[in-house]
Amino acid sequence: MSVEVRDLPVFARRLRFARERAGLSQRELGRRIGMKDDAASPRINQYETGTHVPRSDTIEAIARELKIPVAYLFADGERLARMILAFSQLSVAEQERLMREAESRGRHR
């Protein structure tokens, strides 16, 4: 019986999406974060299937390698996840401008 992607834990779904978006195989991602060659693919597969959740230092290494914020991997909803990813790709100046605008709109509600 196969598991539907939408039924996987948030972390597992987002990790797989981010890895594929980066164009990396499970083995290559594992190698890049320091896993031994023979363990890299099985370990990343366990993370992507929700069989195992990595330690926080491994999560940080994965996020760094995939150039995504750790928060993206755990965001509750898809809209928030997309916002975190988009925000992280902006320049610091653009992030500041967007934050000021969002905070201003929030105060006027």
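Annotations
- The set of residues in the range 44-85 that are more than 12 Å from LEU15 (Cα to Cα) and in contact with a Pro (Cβ under 8 Å, 6 or more places away or on another chain) comprises ILE84, LEU85.
- Residue in the range 74-87 that is in contact (Cβ under 8 Å) with a residue 60 or more places away in the chain and of a type outside the set (Gly, Ala, Ser) present: yes
- Count of the range 20-43 residues which are open to solvent by 90 Å² or more (accessible area, probe 1.4 Å) and in contact with a Gly (Cβ under 7 Å, 6 or more places away or on another chain): 1
- In the range 55-97, residue nearest to ARG19 (Cα to Cα) [restricted to those that are of a type in the set (Lys, Arg) and in a helix (DSSP H, G or I)]: ARG64
The values are calculated or read from the model by the stated rules, or taken from the named source; none is laboratory data. Note that the structure is predicted; figures quoted are calculated from it, not measured. Cβ: placed from backbone, ideal geometry, glycine included. Neighbour counts: every protein chain shown. Accessible surface areas use protein heavy atoms only, side chains included; no ligands, DNA or RNA. Shrake-Rupley method; radii C 1.70, N 1.55, O 1.52, S 1.80 Å.
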